[in-house]
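The structure appears below as structure tokens.
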Amino acid sequence: MSDPDREAGRITAGDDLREVRERELATLEVPTLAPRAQQIVEVALELLEEGGPDAVSMRVVAGRLGVRAPSLYKHLPDKGAMENAMIAIGLRQQGAACEEGMRGADDPLTGVAQAFRRWGKEHRHLYELMMAAPLDPGPLVRSAELVAGRALREAMQGDAVGAFTVWSFAHGLLSLELQDRLPPGADVEVLWARGIDALRPR
């Protein structure tokens with residue numbers, strides 16, 4: 001699922017969100033990372049998964065690659081560019097997981113929500129990085145965001161406000177789970193099921 005800030009905005013009541021976003025995706029010229037830049041990002045992702053955001057710096061990435069930190073700037077201009085590439089990869093991975101979950105489920109929306117939750121729990125640090133700040137508007141991240149939201153748009157039958165609402169619920173409940181902020185004794189499975197049932201297309 002993708003950031004709803006650009007999912008519900010600028011859509012009129014009669015628009016099918018699926019069509020609108022696929023048209024937008026088709027217009028984007030998505031840059032590709034050079035092989036060395038891709039290697040740098042993959043190492044950064046490994047460090048993130050191992051130790052969280054504090055474990056990732058240009059210096060540490062360079063050390064794992066066996067080079068000096070300044071050499072990384074020949075391939076990525078700064079840490080922000082590296083993080084944007086990490087976020088783009090995460091969004092695409094999340095989108096693939098949600099599409100797979102939708103295909104394998106009797107109820108598409110439940111399948112998407114379960115896959116979203118499972119992926120976030122399995123990739124907690126990357127998920128939190130993806131959600132920590134507004135997404136970069138450039139085509140690398142934007143295209144990945146559109147891919148990430150494709151399954152939800154389909155499960156919600158193109159309803160922009162409905163997709164926004166489901167995304168908000170899913171992100172909020174998953175964040176409470178990840179931060180161990182649910183009340184003692186709360187049945188999280190019931191919360192997920194009740195919320196998704198209430199928000200499904202009618």
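The values are calculated or read from the model by the stated rules, or taken from the named source; none is laboratory data. Source: prediction; values computed, not measured. Every residue, glycine as well, gets a Cβ built from its backbone with ideal geometry; the counts of neighbours run over all protein chains shown. Accessible surface areas use protein heavy atoms only, side chains included; no ligands, DNA or RNA. Shrake-Rupley method; radii C 1.70, N 1.55, O 1.52, S 1.80 Å.
Condition test on LEU25, is it under 18 Å from ARG142 (Cα atoms) and either at pLDDT 95 or above or more than 21 Å from the chain's Cα centre (by Cα) (or both)? Spelling it out, LEU25 is indeed under 18 Å from ARG142 (Cα atoms) and either at pLDDT 95 or above or more than 21 Å from the chain's Cα centre (by Cα) (or both). Is it the case, given these coordinates, that ARG36 is within 18 Å of PRO201 (Cα to Cα), surrounded by 11 or more Cβ atoms within 10 Å (Cβ to Cβ) and modelled with pLDDT of 95 or more? No. Candidates LEU140, LEU176, LEU146: the one that is among the hydrophobic types (A, V, I, L, M, F, W, C), open to solvent by less than 10 Å² (accessible area, probe 1.4 Å) and within 29 Å of ASN84 (Cα to Cα) is LEU146. Those helices (runs of 4 or more DSSP H) of the range 95-172 in which at least 2 residues are touching a Phe, Trp or Tyr at 6+ places or on another chain (Cβ under 7 Å), considering only elements entirely within it, cover 108-122. Entry remark, the range 107-137: residues being open to solvent by 20 Å² or more (accessible area, probe 1.4 Å) and small (Gly, Ala, Ser) number 2 in total. The residues of the range 75-92 that are over 15 Å from the mean Cα position of the chain (by Cα) and open to solvent by 50 Å² or more (accessible area, probe 1.4 Å), listed by number, are HIS75, PRO77, ASP78, LYS79. Annotation: of all residues in the range 140-181 being among the aromatic types (Phe, Trp, Tyr) and at pLDDT 95 or above, the one that is farthest from the chain's Cα centre (by Cα) is PHE169.
If the condition is being surrounded by 16 or more Cβ atoms within 10 Å (Cβ to Cβ) and either under 15 Å from VAL147 (Cβ atoms) or under 13 Å from the mean Cα position of the chain (by Cα) (or both), then the range 93-106 contributes GLN93, GLN94, GLY95, ALA96, ALA97, CYS98, GLU99, GLY101, MET102.
Residues that are within 25 Å of ALA148 (Cβ to Cβ) and not hydrophobic (A, V, I, L, M, F, W, C) were ranked within the range 47-74; the one that is least open to solvent (accessible area, probe 1.4 Å) is GLY52.
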